[in-house]
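*Asks:* For reference, the structure I am asking about is given below.
The values are calculated or read from the model by the stated rules, or taken from the named source; none is laboratory data. Values in this document were obtained by computation on a predicted structure and should not be read as measured data. Here the Cβ positions follow ideal geometry from the backbone for every residue, glycine too, while neighbour counts run over all protein chains shown.
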């Protein structure tokens with residue numbers, strides 16, 4: 001017996017996964033890592049976010065403006081890490097270059113619903129017409 005787990009970062013999940021591991025059941029987390037002390041197989045999500053920001057800001061180097069992110073919710077550690085990597089890359093780049101031509105302004109939670117994604121993006125564009133890029137940090141963003 002063993003558990004291979006993909007789960008949100010929620011107290012009940014973490015408690016249950018740790019309890020199983022404490023009972024001697026091997027636990028491997030994939031994609032998400034709600035219990036950081038247990039084995040994890042997956043990508044470095046922080047690095048993935050930084051890489052996305054590197055490429056997006058490079059492709060949009062000739063345009064100043066803001067970036068926003070879409071993801072399911074704040075429930076998944078992998079999404080939070082990607083967004084953290086994305087925003088930190090833009091902040092580091094601005095600090096190193098002494099310019100604020102690209103900045104990260106907002107995370108929007110669409111709950112994997114394309115209609116929510118559309119409404120959130122439309123509202124963001126009304127509030128901030130200088131948005132030049134949308135980072136999809138994970139989830140099912142069909143919109």
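*Asks:* Just checking: which of the strands (runs of 3 or more DSSP E) contained wholly in the stretch 1-81 hold 3 or more residues that are crowded, with 18+ Cβ neighbours inside 10 Å? So that I can check it myself, show each step before the final result.
*Replies:* Working: elements: 3-5, 27-30, 65-71.
The qualifying strands (runs of 3 or more DSSP E) are 65-71.
*Asks:* Of everything in the stretch 111-143, what is touching a strand residue (DSSP E or B) at 6+ places or on another chain (Cβ under 7 Å) and assigned to a helix (DSSP H, G or I)? Give them in sequence order. Walk me through it before giving the result.
*Replies:* Here is the first cut: in the stretch 111-143, the ones touching a strand residue (DSSP E or B) at 6+ places or on another chain (Cβ under 7 Å) are 117, 120-121, 124-125, 128, 130-139, 141.
Within the stretch 111-143, 117, 120, 121, 124, 125 meet the criteria.
*Asks:* Something else now. Exactly one condition in (1) more than 12 Å from residue 135 (Cα to Cα); (2) touching a helix residue (DSSP H, G or I) at 6+ places or on another chain (Cβ under 8 Å); (3) modelled with pLDDT of 95 or more is not met by residue 20; state its number.
*Replies:* (2)
*Asks:* Within the stretch 94-110, is there a residue that is surrounded by 14 or more Cβ atoms within 10 Å (Cβ to Cβ), at pLDDT below 95, assigned to a loop (DSSP other than H, G, I, E, B) and on the phi < 0 side of the Ramachandran plot?
*Replies:* Yes, the stretch 94-110 has at least one match.
*Asks:* Since residue 50 meets every condition but one in (1) outside the structural domain of residue 9 (by TED's automatic domain parsing); (2) under 26 Å from residue 10 (Cα atoms); (3) over 12 Å from the mean Cα position of the chain (by Cα), which condition does it not meet?
*Replies:* Status for residue 50: all satisfied but (3).
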